Structure formats: C-alpha cells, structure tokens
Amino acid sequence: MPATATLTDDLFAPEVIADPYTYFGRLREIEPVHWNERFSLWLVTGYDELVWILRHNELFSSAVIRDAAAPPYPPVDPADVPLFDEIRDFRADQLVEKDRPEHFDQRSVVHGYFTPKAMEKWRPFVRAAVEELLDDIQPKRAMDVLTELAAPLPVRIIAEMMGVPYEDRDRLRAMADGILYINRGEPYRFRPLVEAIRGIVDYAAPLVEERIDGDGSDFISVLAGGETRGVFTRHQVLVNTGLLLFAGHETTMNLICNGLLSFIRHPEQWERLRADPEGMARLATEECLRYDPPVKSTQRIVAEDVDLGGRTMWKGQRIRWIMAAANRDPTVFSRANEFDIGRQPNPHLSFGSGIHYCLGATLARVEGQEVFRALAERFERFELAGGPIEYQPSLQFRSVKSLPVRWTA
C-alpha cells in the first residue's frame, strides 16, 4: 500500500479546505511530487521542487484555461455548462494565461506601472484610505473584517488606479465580488461569475474608447496604449482591466483577513507589533504572507516530458504547486509552523518567482503594511466575535467567508 493511501484524494474535502497545512504538509513529507488520480493532476508541495519549476518556466505552460480539456470540477449546475466557453474566453486572454513570447510583450506594456518605485508612490493614498475606513469603524467596537475593511480598501485603490469616478466604487466592488467565483467550488458559481465578467467588460469598454488615443497615466490608459502599439487586442485590454479588479481585490482581501486572524490566534505576536508598529510592519506583513498566504496554489500544464522528484510528468498533464506547503517546508524555514513576525530571512514563495512573479506584489505589501500598522496603533486587542471560521471552497485561494471581531481600544 502506498504511503499516501491514508490521505484523502478529494482536494475539496472540508478538512482540506479548513486546514490545508496539515494535509499538504503530510503530503510534502511523504511524496513532495504526487499524482492525484481523482483530479488527474500533479501536486508539488516541496520548496526545492517548486523553486525548480519556477526556474524552468519554459517546461510549464500558463495557458491552463485555453488548453483545458477536462470539464469543470467540482461540477456545476448542468444548465450552466454552456457558460464555460464565455469564462474560458475571458480567462484565456489574461496576460497571466500567456506564455513567452506573448507574455513577455504584454507584461512589458504594464511592467513600468507596477515597479516597486511606482507602487511606493501609492503609499500615501493607501495610508489615507486605511485611516478613513478605520475612522468610521473604530467607534463601533465590532466589525466583520472582510466586508468592512478588507474588501472595500482594495476597491478604493483599484478605482483610483483605473481612473474611474469615486461614485463608481460600489459598482466595481459588486463586480469584483462576482469575479471571485472564478476559483470556487459552488455548483452555481458560473452564473455570478459570468454576470461579473459581462459587467466589467461593459463598464470598461467606453473608458478604453475614451483613452485609446490619449496619454493618460492610469492603468486603463496604459493598457489602451498597448492596443495602439499592437500588443493587445481590444478584448485583451478589457479582460486585463478585469484582471486588475479581480487580482488586486482577492489577494489583498485575503492578506488582511488571514493576517489579522493569525495575530488574534498569536497574541504575543500582536504585542510585538504594537510595541513598534512602524518598525515591524514590513516584517510582520512578510510573515503573514508566508504563514497563511492569500494564494494557496497555482496551476500549469506540462509543456514537455519532465522528471522531477523521481517522478515523470508527461506533456499535457496538469500540475498544481502548493505555495502554502512550500512556505512551511522545515528544510528551509526553522520552526516552520510557528507564526513569528521577526522571522529573517523569509524567502517565502507567495508571489511566485521568475517571469511570472506577481506584478502586484509591491502594492499588496504596501496595503498589508499600512493596514497592520494602523490597526496596531489604534487597537489594544482583537478577539473573534463569531463561530468557527469557514473558508471558501477554493483550491487556489485561502479566503474566509467572514471574519467578525470585537476589540478594546
């Protein structure tokens, strides 16, 4: 009997969604490169193996959605299956679904917008947005962190980046919430997803048309400039506008919720942050990214036969690497399962590496740093105010369904 026989093969099992670290940590110990028969994909959980994959990007295609042959899983409502083609068209035109040379050309258009230096210029705006939200929240003595802080903050920032009217924030947030179904498991998920896809395309279309011949510095203008130079099609401009809305919303939301939950469960670390919020915010954010990252895993298609970890992956097979497991690999991180905001060095893989390194990494860091700093300056102690924490049924994202808390000032 194989050593993995005692582990479930259902990656959507409630215990795996609730606690991926125990499950994937056990898999990393037994077989860091593992074939999951149920989902017909490779699972890679070891740090060294994951780094090797990231350094050999030419062997693993990002065109997962375009080339996917398997039906949606978990299954969707039968009447909604025809919607998959529309979802495929939307996702396949995102730059993150492209391989070189197309990926290089498209990323080059937006790279300058997302450099660390350029993103640092957004810090005063982020800080002001955080303070404004907390000014409204603090007198209440309780909040749902997800809906009152973690979700509205990135939408404010993305709206500003897109150069859209202030009063459109609620509309953008509704579309962002719909796009979040892109990696979830509910059987009805295609309907809100397609509604959101159509919404962002319809919303962005006139904005792109207005800016196609301009020289604006907002994100939509940058994408439109890529169309003018022949790098993007109009559909790709619209789709990548949606990508900013989705990616910037989901990752920041998860970072804030997962990070604050980690602090609640480790009050001694909260006291370390409160002792020096400005000085510790950067290290604390990195540890939040490592310990309970916003993105659990990423998927690729094997582009040519490759041997890894004593196993042979065949061209065309799917592979999913688990950053959440690699970030707790004890061969790289001492006391890997402990939350330590003073951890140095902290070479986590939560933003990937190489040519597909997350464009929004610096912005996500700035948002996390400003939120955790401001919370530590304002609040003495947080505690959970509801029942057990539940997570969205997603293989890719680590997303709470809600996070009700109360506090002392």
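Please treat every number below as a calculation from the coordinates, not as lab data. The structure displayed is predicted, hence computed values, not measured ones. So basically every Cβ, Gly included, is an ideal-geometry build from the backbone, and we count neighbours across all protein chains shown.
Apply the a/c threshold of 1.5 to the C-alpha gyration tensor of the range 121-196 and tell me whether it is rounded, prolate or oblate. Oblate, because a/c is 1.5 or more while a/b does not exceed b/c.
At 18 Å minimum axial length over the Cα atoms and a Kyte-Doolittle cut of -0.5, report the qualifying DSSP H helices in the chain, or say none. Write out the running numbers ahead of the final one.
Details: long enough: 123-137 (21 Å, 0.15); 190-211 (31 Å, 0.23); 234-265 (47 Å, 0.59); 277-291 (20 Å, -0.53); 361-378 (26 Å, -0.14).
Passing helices, by number: 123-137, 190-211, 234-265, 361-378.
Dividing the alpha-carbon radius of gyration of the range 240-279 by the rule-of-thumb value 2.2 N^0.38 Å gives 1.58. Sequence-distant contacts, meaning Cα pairs under 8 Å at least 6 residues apart, place the relative contact order of the chain at 25 percent.
Taking a point 7 Å from the Cα of SER108 along the Cα-to-Cβ direction, the residues of the range 228-247 with backbone N closer than 14 Å to it are 229-232.
I need the Kirkwood Rh of the range 158-232: take the reciprocal of the average 1/r across all distinct C-alpha pairs and report it in angstrom.
13.5
Dividing the convex hull volume of the alpha carbon atoms of the range 234-329 by its residue count gives 140 Å³ per residue.
Within the range 3-408, how many Lys pairs sit with Cα atoms under 28 Å apart, leaving out pairs fewer than 8 places apart on the same chain? So the count works out to 7. Between PHE84 and THR312, the modelled label-to-label distance comes to 3.0 nm, taking each label 7 Å out from Cα in the direction of the beta carbon. Ratio of Rg to Rh for the chain: 0.95 [Cα atoms; Kirkwood radius as inverse mean 1/r over pairs].
Under a Gaussian network description of the chain, with springs only between Cα atoms under 10 Å, the residue in ALA364, ALA128, ALA336 that fluctuates furthest is ALA128.
Taking amide hydrogens as placed 1.01 Å from N in the peptide plane, the amide H of PHE397 sits under 5 Å from those of LYS296, each at least 5 positions away in sequence or on another chain. Packing, as the average of other Cβ atoms within 10 Å across residues, places the peptides 326-335, 308-317, 220-229, 235-244 in the order 235-244, 220-229, 326-335, 308-317, highest first. Across the range 321-398, C-alpha contacts under 8 Å between residues 6 or more apart give a mean separation that, scaled by the residue count, equals a relative contact order of 18 percent. Measuring r between the beta carbons of SER353 and ALA409 and using R0 = 30 Å, the FRET efficiency lands at 0.15. Across the range 324-335, computed HN-Hα scalar couplings (Karplus, 6.51 cos²θ - 1.76 cosθ + 1.60, θ = phi - 60°) run 4, 7, 4, 5, 10, 6, x, 6, 10, 10, 5, 6 Hz from first to last residue, x flagging Gly and Pro.
As a proxy for reagent exposure, ranking ASP340, ASP213 by other Cβ atoms within 10 Å from fewest up yields ASP213, ASP340. Under the simplified labelling scheme, the TYR73-ALA385 pair shows an inter-label distance of 4.1 nm, with each label point 7 Å from Cα along Cα→Cβ.
The ellipsoid that matches the Cα gyration tensor of the range 1-127 has semi-axes, each √(5λ) in whole angstrom, of 31, 23, 17, with the longest given first. With both labels modelled 7 Å from their Cα along Cα-to-Cβ, the ALA142 to GLU268 distance reads 3.1 nm.
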